[in-house]
Amino acid sequence: MAEDGTLRGMRVLVTGGTGSIGRAMCRAFAREGADLAFTWNRREAEAGALAAELQGRGVRALHGRVGATDGPAIQAFCERVETELGALDALVNNLGGTQVLPFALIDEPDWDETLALNLKSMFLFSKAVVRGMIRRKAGVILNLGSLAGRRMLEVPVHYATAKAGVTGFTISLAKELARYGIRVLELTPGLIQGGIGDNVSERQLAEYNRYCALGRPGTAEEVAELAAFLISPRAGYMNAVSVQLDGGL
Ligand SMILES: NC(=O)c1ccc[n+]([C@@H]2O[C@H](COP(=O)([O-])OP(=O)(O)OC[C@H]3O[C@@H](n4cnc5c(N)ncnc54)[C@H](OP(=O)(O)O)[C@@H]3O)[C@@H](O)[C@H]2O)c1
């Protein structure tokens, strides 16, 4: 790992690298010199273009289509990453999403799907990399939460429930893994432009801007800068916390 505190020489796996925030994180981590692996679901062409862009910046980048809740595929991808890239220093559990539905229209399959997409994926990816981190007595797991899981906001209830679960997952895992020197953190964005942030209506955006001290949504690049810091050695004493990035609410 680099003595200057950057990500140079680190190997980082980002889930959902083709998404708005995932893409920005891959770019920020590559700028700091990390080799990258990332997953995607539907956007194959974007994945190829992103990998080529990252490689053009002089870092290694590999990617794969991996279903969020496909345990065997997740295991196989993580093994491939460690064989081709080397031992992972950090996992960023970023993939996620939601349907936009009022509570009365959420059916049982919607509930199961949304909790699995946002939470089970986090369990499966973390489990696939944690044994190596335990053996090496080093590593960072950064989980993407959401203000939706913390504040009374107009958001789908199944999504808010899943994101509240990210906090419990983070603090309990942090407690268990601390003895191995592994840090586990949550990054909790408010409304971010692009990606699932585009689901909000004009009225919801205006309301957010009214209550946000900075009067605007954040950008994927602002999330990525914080993520780069949190997984870096510069944040070596940060553990088991949720860092909120919301412009002041
Ligand atoms: N944007 C916001 O306002 C905001 C605010 C708070 C928290 N967050 C959190 O930040 C994270 C990223 O959000 P985003 O706005 O960047 O979302 P996004 O642009 O929609 O990206 C979602 C990513 O997850 C992948 N994905 C979706 N469904 C999947 C599945 N079934 N299997 C495997 N991969 C799947 C997508 O792959 P493909 O693109 O290849 O299909 C994509 O890479 C999420 O955890 C979200 O909850 C976002």
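Working only within the range 1-48, note down all residues that are over 21 Å from Thr219 (Cα atoms), within 14 Å of the ligand (Cβ to nearest atom) and of a type in the set (Gly, Ala, Ser).
Ala37, Ala45, Gly48
Got a sec? Which helices (runs of 4 or more DSSP H) wholly within the range 133-249 have at least 3 residues that are touching a residue at least 24 places away in the same chain (Cβ under 8 Å) and aliphatic (A, V, I, L, M)? Full working, then the answer.
On the way: elements: 157-177, 202-211, 220-231.
Output list reads 157-177, 220-231.
Within 19 Å of Ser232 (Cβ to Cβ), touching a Gly at 6+ places or on another chain (Cβ under 8 Å) and of a type in the set (Lys, Arg), is that true of Arg11?
yes
Is it the case that the range 109-131 has a residue that's away from the ligand (no atom under 14 Å from the Cβ), among the acidic types (Asp, Glu) and out of contact with any helix residue (DSSP H, G or I) (no Cβ under 7 Å at 6 or more places or on another chain)?
Scanning the range 109-131, I find no residue that is away from the ligand (no atom under 14 Å from the Cβ), among the acidic types (Asp, Glu) and out of contact with any helix residue (DSSP H, G or I) (no Cβ under 7 Å at 6 or more places or on another chain), so the answer is no.
Away from the ligand (no atom under 16 Å from the Cβ) and not β-branched (Val, Ile, Thr) - does that describe any residue in the range 60-76?
Taking the range 60-76 as the starting set, the residues that turn out to be away from the ligand (no atom under 16 Å from the Cβ) are 60.
From what's left, not β-branched (Val, Ile, Thr): 60.
Looking for residues that are away from the ligand (no atom under 16 Å from the Cβ) and not β-branched (Val, Ile, Thr), one finds at least one in the range 60-76, hence yes.
Would a scan of the range 100-116 turn up a residue that is assigned to a helix (DSSP H, G or I), touching a strand residue (DSSP E or B) at 6+ places or on another chain (Cβ under 7 Å) and open to solvent by less than 40 Å² (accessible area, probe 1.4 Å)? Working first, answer last.
Going through the range 100-116, the residues assigned to a helix (DSSP H, G or I) turn out to be 103-105, 108-116.
Applying the additional criterion that residues be touching a strand residue (DSSP E or B) at 6+ places or on another chain (Cβ under 7 Å) yields none.
No: the range 100-116 contains no residue that is assigned to a helix (DSSP H, G or I), touching a strand residue (DSSP E or B) at 6+ places or on another chain (Cβ under 7 Å) and open to solvent by less than 40 Å² (accessible area, probe 1.4 Å).
Can you pull out every residue in the range 172-218 that is of a type in the set (Val, Ile, Thr) and under 15 Å from the mean Cα position of the chain (by Cα)?
Of the residues in the range 172-218, the ones of a type in the set (Val, Ile, Thr) are 182, 184, 188, 192, 196, 200.
Answer for the range 172-218, where residues must be of a type in the set (Val, Ile, Thr) and under 15 Å from the mean Cα position of the chain (by Cα): Val184, Thr188, Ile192, Ile196.
The values are calculated or read from the model by the stated rules, or taken from the named source; none is laboratory data. Keep in mind it's a predicted model, so treat the numbers as computed, not measured. Note that we place each Cβ from the backbone using ideal geometry, even for glycine, and neighbour counts take in every protein chain shown. Remember, those area values only see protein heavy atoms, side chains included, never the ligands or the DNA or RNA. Shrake-Rupley method; radii C 1.70, N 1.55, O 1.52, S 1.80 Å.
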